[in-house]
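*Asks:* Would you mind keeping the following structure in view while I ask a few things?
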Amino acid sequence: MKLISYKQNGNIKLGAFEEGKIYDLHALDGHIADNMLEFLQGGEEQLQLAMAAMEDGSPTISAEDVELISPVPNPPSVRDAYAFRQHVATARRNRGLEMIPEFDEIPIFYFTNHHAVFGEGDFPVLSRHTEKLDFELECAAVIGKGGRNISTSDADDYIAGFMIMNDLSARVLQMQEMKLNLGPAKGKDFGSTFGPWLVTKDELESCKQSSVDGDRYDLKMKAFVNDIQVSGDTLSNMTWTFAQIIERVSYGVDIFPGDIIGSGTCGTGCFLELNGSKITDNQWLNPGDTVSLEIDGLGTLTNNIVLENG
C-alpha cells in the first residue's frame, strides 16, 4: 500500500495512492484515522481496515487536484544514520581524511529538525543555505509501533514502511560548525523532504534480502539534477541495516510510531562525495534547480529550490 498525506481545501488528510488516484480512507470507513500519525499509532488494525476499505471502495480523488506533502507531516522525531560505507569513505577521502575505523564499530545517527519536514514541490532556502547547498539521496524507514531496547533480530517488525528522503545540507554552515565537534545542526535543520508515498513493506517483499543482521532491499537508487543523472546506487549496499540502526537507536530509550529513521546518504548520493570525482566538478545546488530522487518501488521525490527573502 502507498500511504500519503495531502492537502485539500486547507485540510491535511490521510489517503492511499493508486495509479494517480487517491482513496480518502477516513471517508470510506470512519473507523480509519484521518491523519497519518494516528493511523500509525493504530498499528495492524488500522492497516487491515485500510486494505478492506480499498477492496470495497474506489479512489475518488485525482492526485493532480491535491497537494502531496510529506507522508508523515508531523513525526515525533527524525533521526538520520550513516549507513553506506562507500559514501563515508569517499566523502572523507575528498576532504583529505582517512576512513574512520569507528564506522565499522557502531551505527551512528544524529537528530534533525522534525518540525522542518517537507514533501514534493518547492523547497525554500535562505541565502546562506545556498553556500554549497547539497542534496542527499536516502531511504527512510518509518516506525510503526513503539518499543525500547529492541534487538536486531526483532527490529524489522517495528518498521511500518519506507519512503524517499532528501537530507538537504548547507555545506558551508555544516563544515564550520563541525569543526567544534558538535552537530550537524544549522547546516541541516532548515529542512528535509520526504515522499511521495510511505510504501508498506508487503509491496517490497520480492526485493527483500534477509540475514542475521536484518533485512536489506534490492532497490535501485538514482538522483537527477535538472534532469541529468548524477547518482546511482542500490539500497541493499547499506553496511548497517535498518534493524541494526534501530537496535542502537532504541537502546535505553523509547521509539514511537511515526518516528523517521534515515539510511544516510548512499554511494555517490551527494555533491560532497561527487565533487573531486569524474562525475562533477565543484557543483552545488542553486535557486531554480530541480532535484529528483528515485528509488525502485518508492517512487520519485521532486523538489524545486526556491530562494526566500531573509
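*Asks:* Compute a Gaussian network model of the chain, connecting alpha carbons closer than 10 Å, and tell me which residue from Glu105, Glu64, Glu131 fluctuates the most.
*Replies:* The residue with the greatest mean-square fluctuation here is Glu105.
*Asks:* For Lys7, give me every one of the lysines with a C-alpha distance below 21 angstrom, ignoring sequence neighbours fewer than eight places off in its own chain.
*Replies:* Here the lysines satisfying the reach criterion relative to Lys7 are Lys21.
*Asks:* While we're on this one: Please report, in whole Å, how far the alpha carbons of the chain spread along each principal axis, starting with the longest.
*Replies:* On the principal axes, the chain reaches 59, 45, 32 Å in Cα extent.
*Asks:* Sticking with this structure for a sec: Charges only on Cβ, +1 for Lys and Arg, -1 for Asp and Glu: so what's the dipole of the stretch 241-310 about the Cα centre, in debye to the nearest 20?
*Replies:* The calculated dipole for the stretch 241-310 is roughly 140 debye.
*Asks:* I've got another one for you. Take the alpha carbon gyration tensor of the stretch 262-310, find the square roots of its eigenvalues, order them as a ≥ b ≥ c, and report rounded if a/c is under 1.5; if not, report prolate when a/b exceeds b/c, else oblate.
*Replies:* Oblate, because a/c is 1.5 or more while a/b does not exceed b/c.
*Asks:* Still on this structure, I have one more. Taking the convex hull of the Cα atoms, report for the stretch 62-177 its projected area averaged over all directions, in nm².
*Replies:* With the hull built on Cα positions only, its mean projection is 9.9 nm².
*Asks:* Per residue, how much accessible area does the chain show when a 1.4 Å probe rolls over the protein heavy atoms, in square angstrom?
*Replies:* 45
*Asks:* Would you mind computing, in nm to one decimal, how far apart the modelled labels at Tyr251 and Asp122 are, each placed 7 Å from Cα along Cα→Cβ?
*Replies:* It works out to 4.4 nm between the two label points.
*Asks:* Enumerate the calculated ³J(HN,Hα) couplings along the stretch 191-198 in order (Karplus 6.51 cos²θ - 1.76 cosθ + 1.60, θ = phi - 60°), each rounded to whole Hz, writing x wherever the residue is Gly or Pro.
*Replies:* x, 10, 10, 9, x, x, 10, 9
*Asks:* How many nm is it between the label spots at Ser62 and Arg93, if each spot is 7 Å from the Cα in line with the beta carbon?
*Replies:* 5.0
*Asks:* Mean Kyte-Doolittle of at least -0.5 and a Cα length of 18 Å or more along the axis: which whole DSSP H helices of the chain meet both?
*Replies:* 43-56
*Asks:* Along Cα→Cβ, 7 Å out, is where each label goes; now give me the distance between the ones at His115 and Met178 in nm to one decimal.
*Replies:* 2.6
*Asks:* Just to confirm a number: summing +1 for Lys and Arg and -1 for Asp and Glu over residues other than Phe242 whose beta-carbon lies under 13 angstrom from that of Phe242, what do you get?
*Replies:* -4
*Asks:* Sticking with this one: With charges only on Cβ, +1 for K and R and -1 for D and E, what is the dipole size of the stretch 1-155 about its Cα centre, in debye, rounded to 20?
*Replies:* 680
*Asks:* Considering only Gly252, Gly195, Gly187, give the residue with the highest GNM mean-square fluctuation for the chain, with springs between Cα atoms whenever their separation is below 10 Å.
*Replies:* Gly252
*Asks:* Please report, in debye to the nearest 20, how large the charge dipole of the chain is about its Cα centre when each Lys and Arg carries +1 at its beta carbon and each Asp and Glu carries -1 there.
*Replies:* That gives a dipole near 1200 debye.
*Asks:* Still on this structure: Hey, could you get me the Stokes-Einstein D for the stretch 226-287, Kirkwood radius over alpha-carbon pairs, 25 °C and 0.890 mPa s, rounded to whole µm² s⁻¹?
*Replies:* The Stokes-Einstein estimate is 171 µm²/s.
*Asks:* Sort 80-91, 237-248 for me by packing, meaning the mean count of neighbouring Cβ atoms within 10 Å per residue, highest on top.
*Replies:* My ranking of the peptides, most packed first, is 237-248, 80-91.
*Asks:* With all pairs of different alpha carbon atoms counted, what Kirkwood hydrodynamic radius in Å does the stretch 201-310 show?
*Replies:* That comes to 16.2 Å for the stretch 201-310.
*Asks:* Looking at the stretch 115-231, I'd like the Rg to Rh ratio, where Rg is from alpha-carbon atoms and Rh is Kirkwood's inverse mean 1/r.
*Replies:* Dividing the radius of gyration by the Kirkwood radius yields 1.02.
*Asks:* Listed here are the pairs Lys201/Lys222; Lys132/Lys208; Lys186/Lys208; Lys2/Lys145; which of them are more than 24 Å apart at the Cα?
*Replies:* Lys132/Lys208; Lys186/Lys208
The values are calculated or read from the model by the stated rules, or taken from the named source; none is laboratory data. As the structure is a computational prediction, the values presented were derived from the model and not from experiment. So basically every Cβ, Gly included, is an ideal-geometry build from the backbone, and we count neighbours across all protein chains shown. Quick note on the areas: whole protein, heavy atoms, side chains included, nothing else; ligands and nucleic acids left out. Shrake-Rupley method; radii C 1.70, N 1.55, O 1.52, S 1.80 Å.
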